[in-house]
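Comments concern the structure below.
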């Protein structure tokens, strides 16, 4: 039984059903209200922004519609990028979308004013070592004082899943966990016809990763503390914590 790796993640986000789900969200959901508020607070319309883990472009298109005019998108999945380019043609919007790996970005140093990794995307990178590589790459391509905005779940705050994580801790202590998982907090779950991966951290874990990459925390706040989202957004995505940091 293989551990969760990049191939597993690529497979999760490939194929017609997976692409359709994200494409539908790009058209129907667009930006969350909480995202709008955070972006307006920390980004300027003229900023050069990278939408990392962009999927089919939900955030990128939403930003353009709000007047941000220098957006690029990168995603690991070739299928997602192909759909994002298709939507570009349909909307007659010129956004460059690229297939790429968040742990090895094909951009020069200090290329962007801001990087966004929405919808808990950074936690869909398996292995803390790889997530640290991704943060290092983000820090590398950000200009000095550039802003990085991302979201995560929070293992300690998910009261509905408290018993699940208690049982998982027991299994890990007994060395009886799912052998595909790399570290405690990893989660494989079924969604429609596919298996998905996400790592669910606690706050201290994220702070440690930020400190390791000289990224200064400006604010962390739960989505529900920003605004109450509509039912469409809540159906699309669970509660999460927004992180806003900058390159020092």
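Between 226, 198, 71, the GNM of the chain built on Cα springs shorter than 10 angstrom shows 226 fluctuating the most. Counting only DSSP beta bridges with both residues in the chain, the antiparallel share comes to about 55 percent. Summarising the label geometry, the points placed 7 Å from Cα in the beta-carbon direction at residue 90 and residue 28 lie 1.3 nm from one another. Calculate the tail of P(r) for the chain: the fraction of all Cα-Cα distances greater than 24 Å, expressed in %. Result for the distance tail: 45 percent.
How tilted is helix 128-141 with respect to the longest principal axis of the chain? Cα atoms for both, answer in degrees (0 to 90, nearest 10). Rounded to the nearest ten degrees, it is 20. GNM on the chain, alpha-carbon springs under 10 angstrom: the most fluctuating residue among 26, 46, 56 is 46. Tell me, how many Å apart are the Cα centres for segment 174-200 and for segment 97-114? With segment 174-200 and segment 97-114 each reduced to a Cα centre, they are spaced 28 Å.
Each 10 Å bin from 0 upward holds the following percent of the Cα-Cα pairs of segment 1-126: 13, 46, 33, 7, 1.
Put in order of Cβ neighbour count within 10 Å, fewest first, the listed residues 80, 196 become 196, 80.
If you line up the long axis of helix 78-91 against the longest principal axis of the chain, both from Cα atoms, how many degrees apart are they, to the nearest 10? Rounded to the nearest ten degrees, it is 30. Find the centroid of the Cα atoms in segment 231-248 and in segment 29-86, then give the distance between the two in whole Å. One Cα centre to the other: 14 Å. I'd like the orientation of helix 33-42 relative to the chain: the angle between its Cα long axis and the longest Cα principal axis, in ° from 0 to 90, rounded to 10. Helix 33-42 and the main axis of the chain meet at about 70 degrees.
Taking one quarter of the surface of the C-alpha convex hull of segment 150-215 gives a mean projected area of 5.7 nm². Taking every DSSP helix (H) stretch of at least 4 residues in the chain, weighting each as -39,500 (n - 2.57) and dividing the sum by the residue count yields a mean residue ellipticity at 222 nm of -11500 deg cm²/dmol. Beta bridges per DSSP, both residues in segment 1-121: antiparallel share near 10 percent.
With neighbours defined as other Cβ atoms within 10 Å of a residue's Cβ, the residues 51, 2, 113, 186 order from fewest to most as 2, 113, 186, 51. Of the residues 236, 112, 61, the one that moves most in a GNM of the chain with alpha-carbon contacts below 10 Å is 236. Cα convex hull, segment 116-158: 83 Å³ per residue, rounded to a whole number.
Laboratory data are not the source of any read-out in this text; all were calculated from the coordinates shown. Predicted model, so just to flag it, every value in this text is computed and none were measured. As a convention, Cβ positions derive from the backbone with ideal geometry for all residues, glycine included, and neighbour counts pool all protein chains shown.
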